[in-house]
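**Q** One structure coming up, written as structure tokens, with questions to follow.
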Amino acid sequence: MKEKNFQQTVGFSVKDTLALYWLYATQTKAKYSVEIHQEFENEFPGRKVGYEYVARIAKRLEAEGALSSRQEHKKILYSITELGRKRLTRYNELYYGRFHEIVLVLDRFYYELTRNGEKPPKPAHPLPEEFRSYFSKLISVKDAVRYLALKLSQTRSSFYMAEVGQQLEDLFGWCPSNGYLYQIAWELEEKGYLVGSWPDEKRTVRNLRSTDEGASFYKTIAMNLQERITTIRRYLHYMLKFFTDLKVEQL
């Protein structure tokens, strides 16, 4: 599976992120393009950009009125304008809360999958409704549900999907719709990863149990989910730090 790029992962292209960084970094001090080039790569490891591209973004921001420039020692220094400050404030209002809430959920998934670092606290509240659509674009919702369903199948003689939904809420502060949970359960049964049965004629609760194929598939799903969440979490921690620093600068 091809890894998603930076824009697909966090909703920002490198161009957008670099433009924001120009505005952030020039709030208190005028900067040269070469300074921004080095600082950006230090702040966002793995996001390689060329110096010429950094300089081109500065010229675009200047044309839009978000940066102003002056020449000093044959080099051009850029400073943020009032329009640029308003743009920074608007982005901060739009994205800080989103990244903060989503990182809380990702940190819980990351610990569950790797046991690395300090265990995050239990969810104080579920992921706010307005951030759920964005969160679902970042991770594989299907893999998250399959992971927990197959994990339960390894530790219990039988379980039902409502328990999967409850554990997703209790452990991570997030859960997809009930309809989606049962859709995944049906797919897992169809492919032989789970076996289901009705305990009575009412057919209100379907008991599920593991298969050998499911036990093997569980390892694959856990590995795929860990790789994906590790990547997303790393990017979003960079973005959260960026917006956290921005809030401090604006105080």
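**Q** Evaluate the following for residue 134: is it crowded, with 17+ Cβ neighbours inside 10 Å and among the aromatic types (Phe, Trp, Tyr)?
**A** Judged against the criteria, residue 134 is not a match.
**Q** Also, I was wondering about something else. Please specify each residue of the range 20-38 satisfying the condition of being open to solvent by less than 50 Å² (accessible area, probe 1.4 Å) and under 16 Å from residue 245 (Cβ atoms).
**A** Across the range 20-38, the qualifying residues are 20, 21, 22, 23, 24, 25, 26, 27, 31, 36.
**Q** Ok, one more. Please tell me if residue 99 is over 30 Å from residue 125 (Cα atoms) and in contact (Cβ under 8 Å) with a residue 12 or more places away in the chain.
**A** Against the criterion (over 30 Å from residue 125 (Cα atoms) and in contact (Cβ under 8 Å) with a residue 12 or more places away in the chain), residue 99 does not qualify.
**Q** Filter the range 137-190 down to residues that are outside any helix (DSSP H, G or I) and out of contact with any strand residue (DSSP E or B) (no Cβ under 7 Å at 6 or more places or on another chain) and give me whichever is most open to solvent (accessible area, probe 1.4 Å).
**A** 156
**Q** For the range 194-216, indicate whether the set of residues that are within 28 Å of the chain's Cα centre (by Cα), assigned to a helix (DSSP H, G or I), acidic (Asp, Glu) and surrounded by 12 or more Cβ atoms within 10 Å (Cβ to Cβ) is non-empty.
**A** Within the range 194-216 (the criterion being within 28 Å of the chain's Cα centre (by Cα), assigned to a helix (DSSP H, G or I), acidic (Asp, Glu) and surrounded by 12 or more Cβ atoms within 10 Å (Cβ to Cβ)), the answer is no, since none of the residues qualifies.
**Q** Same structure, new question: Within the range 40-84, can you find the residues that are aliphatic (A, V, I, L, M) and open to solvent by 30 Å² or more (accessible area, probe 1.4 Å)?
**A** 63, 76, 83
**Q** Return only the number of the condition from (1) open to solvent by 60 Å² or more (accessible area, probe 1.4 Å); (2) under 23 Å from the mean Cα position of the chain (by Cα) that residue 110 does not satisfy.
**A** Among (1) open to solvent by 60 Å² or more (accessible area, probe 1.4 Å); (2) under 23 Å from the mean Cα position of the chain (by Cα), residue 110 violates only (1).
**Q** Next question. Please state which one of 120, 128 is closer than 26 Å to residue 236 by Cα, in contact (Cβ under 8 Å) with a residue 12 or more places away in the chain, surrounded by 11 or more Cβ atoms within 10 Å (Cβ to Cβ) and touching a Lys or Arg at 6+ places or on another chain (Cβ under 6 Å).
**A** 120
The values are calculated or read from the model by the stated rules, or taken from the named source; none is laboratory data. Everything numeric here is computed off the predicted structure, so don't read it as measured data. Glycine gets a Cβ as well: all are built from the backbone with ideal geometry, and neighbour counts include every protein chain shown. Surface accessibility is based on the protein's heavy atoms, side chains included, excluding ligands, DNA and RNA. Shrake-Rupley method; radii C 1.70, N 1.55, O 1.52, S 1.80 Å.
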